[in-house]
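One structure is given here, and the rest of the page talks about it.
Every read-out reported here was derived from the displayed coordinates using simple, explicitly stated rules and does not represent laboratory data. Quick caveat: nothing in here was measured; it's all calculated off a predicted structure. Cβ atoms come from the backbone with ideal geometry, glycine included; neighbour counts cover every protein chain shown.
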């Protein structure tokens with residue numbers, strides 16, 4: 001049998017197609033509206049597909065019928081509106097539903113047309129998409145009522161059935177060094193159902209004599225040379241495909257400095273290990289586990305950022321870094337010969353939006369099994385990269401850290417030294433209860449509970465004076481007050497200067513930037529070696545509805561209220 005053919009709708013860089021190509025399928029066409037995606041797709045699959053908007057097929061049967069009739073249809077409709085991370089999952093789902101239904105409409109026409117050659121179709125999306133799509137779609141519901149009648153098919157006949165034909169897969173189960181959960185919907189046409197490939201890897205917390213353990217992040221990192229390596233011709237073996245071996249000078253998008261400014265990685269560190277109402281994450285990454293999901297947005301300041309300790313040996317600026325584009329692509333499962341076109345941000349988006357080739361390959365392999373095509377002698381892989389017209393990010397030189405990125409004018413500030421006793425004591429420049437804009441007033445507040453929406457109580461300026469005597473009576477109290485009132489307080493600026501320093505992310509004269517002030521409070525209290533001591537409130541009610549609280553929260557309250565008081569006066 002000749003090689004089966006594939007068309008890739010919403011093809012992006014071509015991760016879905018790459019998995020099918022590796023199993024011997026012929027990629028005939030990719031469709032995407034984003035020019036860098038189509039250029040990347042064409043470059044890697046040696047095609048000449050034009051930029052094309054899938055919406056062109058919404059109201060035109062002629063457009064659909066003009067597409068090549070292939071054996072397989074694959075696609076990954078944009079998931080951004082379905083993603084739970086998009087405005088906390090509250091975004092309008094309309095566009096995501098529309099694009100998905102257009103995909104299903106194309107599949108329905110190709111599946112039900114006279115003389116159809118379609119043998120399978122697969123659609124990838126985020127798991128939350130399931131609850132926004134129907135269990136099944138009739139021809140009428142897909143806008144194909146007239147087409148169905150013309151082809152002597154009932155308008156209300158089910159054209160596409162999703163119920164029972166959707167399954168959430170984890171890329172780590174198929175050999176990717178990444179825990180990335182996605183839903184695959186589809187059908188082996190002659191089976192009238194989706195057939196799920198057997199997993200090849202398993203969570204090491206489980207036991208199996210047959211399956212390998214999940215691959216870890218260090219499997220990728222250790223296989224690739226350090227991004228700070230010197231230019232040379234020594235050999236690099238692909239972390240995922242040992243048969244591919246390139247000279248180091250042919251490995252693109254890896255030998256450049258992704259080091260972060262100190263203010264950037266500190267922001268991420270705070271959100272990961274000390275978030276106001278979300279759980280603790282590793283900082284830097286736990287390299288003994290698979291990577292977390294590679295997202296389409298490359299950023300080093302967020303909770304979702306993937307951050308490594310830099311191999312450069314620097315302290316402060318550049319001490320931590322984000323993955324290179326090549327590391328991210330290898331985590332996804334792309335061969336090191338696969339090229340991405342554009343600048344760094346564009347390349348990262350192409351990688352993060354892709355379907356993991358390892359997952360795609362598993363489904364392609366399953367198609368071969370179901371159609372009794374036999375196993376190819378070896379994977380179809382490009383042994384050499386096509387480097388013409390490629391913007392290679394490699395510089396083989398260290399990054400120079402000069403001016404840190406600035407925050408927007410009037411940016412909101414909210415920080416607490418630590419979470420303990422289900423309590424946080426917070427310095428902010430806005431009313432957390434109202435969740436409004438920056439009010440140009442610095443505030444002291446106490447949050448009871450770690451969840452969003454838990455009770456928040458504001459305290460007036462000067463409150464620290466009322467609790468000074470109470471603190472003196474506590475263990476380490478005098479030592480704490482001595483430090484705060486002799487050296488620390490002098491570094492607190494007036495409110496406008498605090499805000500300015502926060503926006504430019506730099507100290508001014510003797511004053512400390514507000515995030516540094518909060519870090520210093522945590523450091524001072526931790527150095528006092530206060531273990532599990534409690535503050536028994538008795539007749540002195542400072543923390544409402546609490547009989548006792550961690551002593552260090554009382555100390556934090558004093559210091560934060562003093563910052564707010566000085567700033568506002």
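When the alpha carbon coordinates of segment 335-374 are projected onto the principal axes, the ranges are 43, 18, 11 Å, largest first.
With just the Cα atoms defining each centre, how far is segment 411-462 from segment 520-569? Give it in Å. When both Cα centres are located, 14 Å separates them.
Of all beta bridges that DSSP places with both ends in the chain, some 70 percent have antiparallel geometry. With neighbours defined as other Cβ atoms within 10 Å of a residue's Cβ, the residues 200, 426 order from fewest to most as 200, 426. Sorted fewest first by neighbouring Cβ atoms within 10 angstrom, 123, 29, 281 come out as 281, 29, 123. Between the Cα long axis of helix 35-45 and the first principal axis of the chain there is an angle of about 50°, rounded to the nearest 10. Computed from Cα atoms, the angle from the helix 551-568 axis to the main principal axis of the chain rounds to 80 degrees. Would segment 414-568 count as rounded, prolate or oblate if I go by the C-alpha gyration tensor, calling it rounded below 1.5 in a/c and otherwise prolate when a/b exceeds b/c, oblate otherwise? It is oblate, given that a/c is not under 1.5 and a/b is not larger than b/c. Directionally averaged projected area (the chain, Cα convex hull): 30.4 nm². In the calculated pair-distance distribution of segment 92-234, the portion above 26 angstrom amounts to 44 percent of the Cα-Cα pairs. The angle separating the long axis of helix 495-504 from the principal Cα axis of greatest extent in the chain is about 30 degrees.
With a Förster radius of 30 Å, plug the Cβ-Cβ distance of residue 534 and residue 431 into 1/(1 + (r/R0)^6) and report the FRET value to the nearest 0.05. FRET efficiency, residue 534 to residue 431: 0.50. Footprinting exposure proxy ranking of 201, 275, fewest other C-beta atoms within 10 angstrom first, gives 275, 201. Does segment 190-279 classify as rounded, prolate or oblate by the C-alpha gyration tensor (a ≥ b ≥ c root eigenvalues; a/c under 1.5 gives rounded; else a/b over b/c gives prolate, otherwise oblate)? Verdict is oblate for segment 190-279. I want to verify the translational diffusion coefficient of segment 348-452 in µm²/s; compute it with Stokes-Einstein, Rh as the Kirkwood radius over Cα pairs, at 10 °C and 1.306 mPa s. Using the Kirkwood radius from Cα pairs, D works out to 76 µm²/s. A quarter of the convex hull surface defined by the alpha-carbon atoms of segment 498-546 gives 5.5 nm² as the mean projection.
Summed over qualifying helices (DSSP H, 4 residues or more, each -39500 (n - 2.57)) and divided by its residue number, the chain shows a 222 nm mean residue ellipticity of -8000 deg cm²/dmol. Segment 108-148 and segment 155-186 have Cα centres spaced 14 Å apart. Put the Cα centre of segment 1-74 next to the Cα centre of segment 488-503 and the gap is 55 Å. What FRET efficiency would be calculated for the residue pair residue 414, residue 473, taking the C-beta separation as r and a Förster radius of 45 Å, to the nearest 0.05? Plugging the Cβ-Cβ distance into 1/(1 + (r/R0)^6) gives 0.90.
Sorting the segments 522-528, 301-307 by their mean number of nearby beta carbons within 10 angstrom, highest to lowest, gives 301-307, 522-528.
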